[in-house]
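Structure, as structure tokens:
The values are calculated or read from the model by the stated rules, or taken from the named source; none is laboratory data. Quick caveat, the model's predicted, so the values are computed rather than measured. Don't worry about glycine lacking a Cβ; one is built from the backbone with ideal geometry, like all the others, and counts go over all protein chains shown. Heads up: the accessible areas ignore ligands, DNA and RNA and are worked out on the full protein's heavy atoms, side chains in. Shrake-Rupley method; radii C 1.70, N 1.55, O 1.52, S 1.80 Å.
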Amino acid sequence: MMGAFGALQKICEDSSELLDSDALNRPLNIMIPKFLQFFKHCSPKIRSHAIACVNQFIIGRAQALMDNIDTFIEHLFALATDEDPEVRKNVCRALVMLLEVRIDRLIPHMHSIIQYMLQRTQDSDENVALEACEFWLTLAEQPICKDVLSGHLVQLIPILVNGMKYSEIDIILLKGDVEEDDTVPDSEQDIKPRFHKSRTVTLQHEADGTEEGEDFEDDDDDDDDTLSDWNLRKCSAAALDVLANVFRDDLLPHLLPLLKGLLFHPDWVIKESGILVLGAIAEGCMQGMVPFLPELIPHLIQCLSDKKALVRSIACWTLSRYAHWVVSQPPDNYLKPLMTELLKRILDGNKRVQEAACSAFATLEEEACTELVPYLSYILDTLVFAFGKYQHKNLLILYDAIGTLADSVGHHLNQPEYIQKLMPPLIQKWNELKDEDKDLFPLLECLSSVATALQSGFLPYCEPVYQRCVTLVQKTLAQAMMYNQHPDQYEAPDKDFMIVALDLLSGLAEGLGLHVEQLVARSNIMTLLFQCMQDTMPEVRQSSFALLGDLTKACFPHVKPCIAEFMPILGTNLNPEFISVCNNATWAIGEICMQMGPEMQPYVQLVLNNLVEIINRPNTPKTLLENTAITIGRLGYVCPQEVAPMLQQFIRPWCTSLRNIRDNEEKDSAFRGICMMIGVNPGGVVQDFIFFCDAVASWVSPKDDLREMFYKILHGFKDQVGEENWQQFSEQFPPLLKERLSACYGV
């Protein structure tokens, strides 16, 4: 019997869709009621198997299960306090899945389910507790969360906080008693594969804050991956994080009384969990935490020198979650002490602390940007010293911290003193690594940021770096060709090498500008680019188009002879199915327009219809809309006669997508294009003129001749319709728009 049920469970796991299909006359219609009978069997093993079998059919909403859903839920409730942990675990798992799929059937019982899950989250068996803890994560995503849970927070919060302590087994696995291990080499399986994020071209916005926050899992470096990856501590922390985002500051009355006791507790395990709690709520409860931060941040900075490595590492993470606030205060108050201590932790004797400090420092760099300039010398000394000290895994994170530093301080890095410190160790690593070594990825990314920041300061190093990138692209293309011809004899290449190399070439072109010309002249990069632009892998095309745009800006004479071959490929890639490819192709076309001028005319028809279609598509991402609008404007700037007839088909989305962009070169050329097209086809803008007015008003300080163009169009329209009609028309303007137009253009 046992063996049979075990086999059935495997079949249910592997063939859940088949069992619910007409192909086999829907055997589930018989199986589900049978399984439900076994929920009452005297053997706990069989009860557990029976639930596990039915659980396979919840997420797919199998009809046979939906027909018996109330019986299923009743039977689950009957087993709620089963003495067997495996049974309890499967009951919890079922309820978590039902929450996603059939919340309607659970709502009538929600109060008692929550009470039950509160007990189970404290189950003596950690596997049961973990399953139950998933319930809070899932519930937080449901719209009803706030209503059904607010009355229970007073019980739930202490339970989650309690689950955030390291268990004894965690501490043993984490070698929590080993304080210094930085001379021990890493084992290769410790090093997670890294994924290179290909280059995407974006525009700067009006309120140029940071992008929306990432998920908890992304920046969740609070504890190690050598632990069974997902455990009660991580799940409790993630649940607290998402609940903080749901309840915001309403969570704090339940938390603050606990926090003080935790953060200042003599037992390091409890103190450590308090620091994790503080980090987990940072995003959701930031407003309510602000009054306490002047006291808490110095305490956390003190924890950075705690004698326990696990306390030091969690303090790094939590402080990084409050970096935004730290940077908003006068630098001497918190930024300087935090930076000083974090830099010491980057050189900690414990590898986990080094890793946490490096990641935290990268976050701080992103927030502080040029605030770090006064301390650059000190920062570089530390990072360069770490080069000689770090084992393999942390070296890869160190590259990231250096790249982020370059992105954050930009051209301020271009000082002989800084270049002298930073470049020799980077180039030494560059020379040590073989072309086949994946460690090149983070190093290439790092160098790309450094080259962009240093600009002409990178010139002495550019030749070998450039040559090697070209070689990497060439090798990968050759290997791909061999593989395509003889897949049985050759291995498929790892195209990441080519992608990262293309992105570094983009960084060089952007950083060196005109100086990249002699490198391009002495290489076959344009031929290689022609092949990369037609690669089957979207990420390769994405990076190719970014490089094409950067080379177009830096050394167009080398690009121009290829335009006739390149333009049809660019046109084909204006396919919004691949957002980033489409985005970069669009941007490159816009850059090519600005260089070609009226000679763009033969190519307008290849791209214009696709661009107009994209700008009118619903749900197109903002970045793509903006780049599309810029490129349409630029096409119209160089070939107004060709583009103006379509004005009416794109003017409205064009205006709305560019109103939030900062004044810059790209916006300038695009608006000149629109003005020239309105000159050719004024009728095309009449119906949507209010949108044009709004877009014009989004300019803070247009150049004089562009302001003059705006003035002429506005006054021309006003004179055309007459004073009385204009009065009626401008009555529809929001007050702010009215005010700006009359102040700037006297209409």
Quick tally, 1.4 Å probe accessible area for Phe717, Phe264, sorted with the most first, runs Phe264, Phe717
Kirkwood radius from Cα pairs of the stretch 583-660 plugged into Stokes-Einstein at 37 °C, 0.692 mPa s, gives D in µm²/s equal to 268
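If I stretch the segment between Leu258 and His299 completely, what's the gain in nm (0.36 nm per residue apart, minus their alpha carbon distance), one decimal?
Numbers: separation 41, 0.36 × 41 = 14.76 nm, distance 1.63 nm.
Extra length from Leu258 to His299 when fully extended: 13.1 nm.
Can you give me the relative contact order of the stretch 1-120 as a percent, contacts being Cα pairs under 8 Å and 6 or more apart?
Values: 100 pairs, mean separation 27.8, N = 120.
Rounded, it is 23 percent for the stretch 1-120.
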With the chain reduced to its Cα atoms and the Debye formula applied, log10 I(q)/I(0) at q = 0.06, 0.07 1/Å amounts to -0.50, -0.68
Quick calc, the chain, dipole around Cα centre from Cβ unit charges on Lys, Arg (+) and Asp, Glu (-), nearest 20 debye, gives 660
Rounded to whole angstrom, the alpha-carbon centroid of the stretch 585-653 lies from that of the stretch 286-347 at a distance of 48
Dipole check, the chain, charges on Cβ (K,R +1; D,E -1), about Cα centroid: among Asn575, His324, Gln648 the Cα furthest to the positive pole belongs to Gln648
Low-density loop GluC sites (Glu not before Pro), the stretch 424-491, at most 14 other Cβ within 10 Å, DSSP non-H/G/I/E/B, are Glu436, Glu491
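Within the stretch 540-697, what whole-number % of the accessible surface is contributed by carbon and sulfur, with the 1.4 Å probe and all protein chains included in the calculation? Numbers along the way, then the final one.
Working: 2700 of 5410 Å².
C and S fraction of accessible area: 50 percent.
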From the Cα centre of the stretch 432-464 to that of the stretch 51-101, the distance in Å is 54
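Would you mind getting me the FRET efficiency between Cys42 and Glu168? Use the beta-carbon distance for r and R0 = 22 Å, nearest 0.05. Working shown, then result.
Numbers: r = 35 Å, r/R0 = 1.60.
Computed FRET efficiency for Cys42 and Glu168 comes out at 0.05.
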Between the modelled labels at Gln641 and Phe729 (7 Å from Cα along Cα→Cβ) the distance in nm is 2.8
1/(1 + (r/R0)^6) with r = Cβ-Cβ of Ser456 and Lys344, R0 = 45 Å, i.e. FRET efficiency to nearest 0.05, evaluates to 0.85
Cα-based Debye curve of the stretch 613-740 sampled at q = 0.09, 0.11, 0.21 Å⁻¹ gives log₁₀ I(q)/I(0) of -0.23, -0.35, -1.34
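What is the projected area of the convex hull of the Cα atoms of the stretch 389-530, averaged over all directions, in nm²? The partial results should precede the final answer.
Working: hull surface 37.0 nm².
Convex hull of Cα atoms, orientation-averaged projection: 9.2 nm².
Compute the accessible area per residue over the stretch 102-153, keeping the other protein chains in place, probe 1.4 Å, unit Å².
On the way: 2300 Å² over 52 residues.
Ligands and nucleic acids excluded, the figure is 44 Å² per residue.
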Given unit charges at Cβ for Lys, Arg (+) and Asp, Glu (-), the dipole magnitude of the stretch 39-105 about its Cα centre in debye, nearest 20, is 140
Counting as exposed only trypsin sites (Lys or Arg not before Pro) in DSSP loop states with no more than 13 other Cβ atoms inside 10 Å, the longest exposed-site-free span of the chain is 523-702
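Can you give me the relative contact order of the stretch 581-706 as a percent, contacts being Cα pairs under 8 Å and 6 or more apart? Walk me through the numbers on the way to the answer.
Details: 153 pairs, mean separation 34.0, N = 126.
With pairs under 8 Å counted, the relative contact order is 27 percent.
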Of every Cα-Cα pair in the stretch 506-558, the percentage lying beyond 12 Å is 61
If every Lys and Arg gets +1 and every Asp and Glu gets -1 at its Cβ, then about the Cα centre the stretch 666-713 yields a dipole, in debye to the nearest 20, of 60
Helix 563-572: inclination vs the chain longest Cα principal axis, degrees, rounded to 10, gives 40
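At 0.36 nm per residue, minus the direct Cα-Cα distance, what do Asp719 and Gln595 gain on full extension? Give it in nm, one decimal, please. Before the final figure, lay out each step's value.
On the way: separation 124, 0.36 × 124 = 44.64 nm, distance 3.63 nm.
Extra length available between Asp719 and Gln595 comes to 41.0 nm.
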Taking R0 as 60 Å and r as the Cβ-Cβ distance between Cys369 and Ala7, the FRET efficiency 1/(1 + (r/R0)^6), rounded to the nearest 0.05, comes to 0.50
Computed over the chain, the relative contact order (Cα-Cα under 8 Å, seq sep at least six) in percent reads 8
With the charge dipole of the stretch 80-142 built from beta-carbon charges (+1 for Lys and Arg, -1 for Asp and Glu) about the Cα centre, the Cα from Leu130, Ile103, Val87 projecting farthest to the positive end belongs to Ile103
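Quick check: net charge around Arg248, other residues with Cβ under 14 Å of its Cβ, Lys/Arg +1 and Asp/Glu -1?
So the environment of Arg248 carries a net charge of -3.
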The stretch 293-311 scanned against label point 7 Å out from Asn333 along Cα→C-beta; backbone N under 20 Å for 293-303
Out of Leu8, Asn431, Ile30 - ranked by how far each Cα lies towards the positive end of the dipole of the chain, with unit charges on the beta-carbon of charged residues - the top one is Ile30
Computed, not fitted: 222 nm per-residue ellipticity of the chain from DSSP H runs ≥ 4 (each -39500 (n - 2.57)), nearest 500, equal to -21500 deg cm²/dmol
Rg/Rh of the stretch 246-308 (Cα atoms, Kirkwood Rh), to two decimals, equals 0.96
A chain fully extended from Ser112 to Ser150 at 0.36 nm per residue, minus the present Cα-Cα distance, gains in nm 12.2 nm
With all protein chains in place and a 1.4 Å probe, Ile690 shows an accessible area in Å² (nearest 10) of 40
Label model pair Arg659, Asp70: point-to-point distance (7 angstrom along the Cα→beta-carbon line) in nm is 5.2
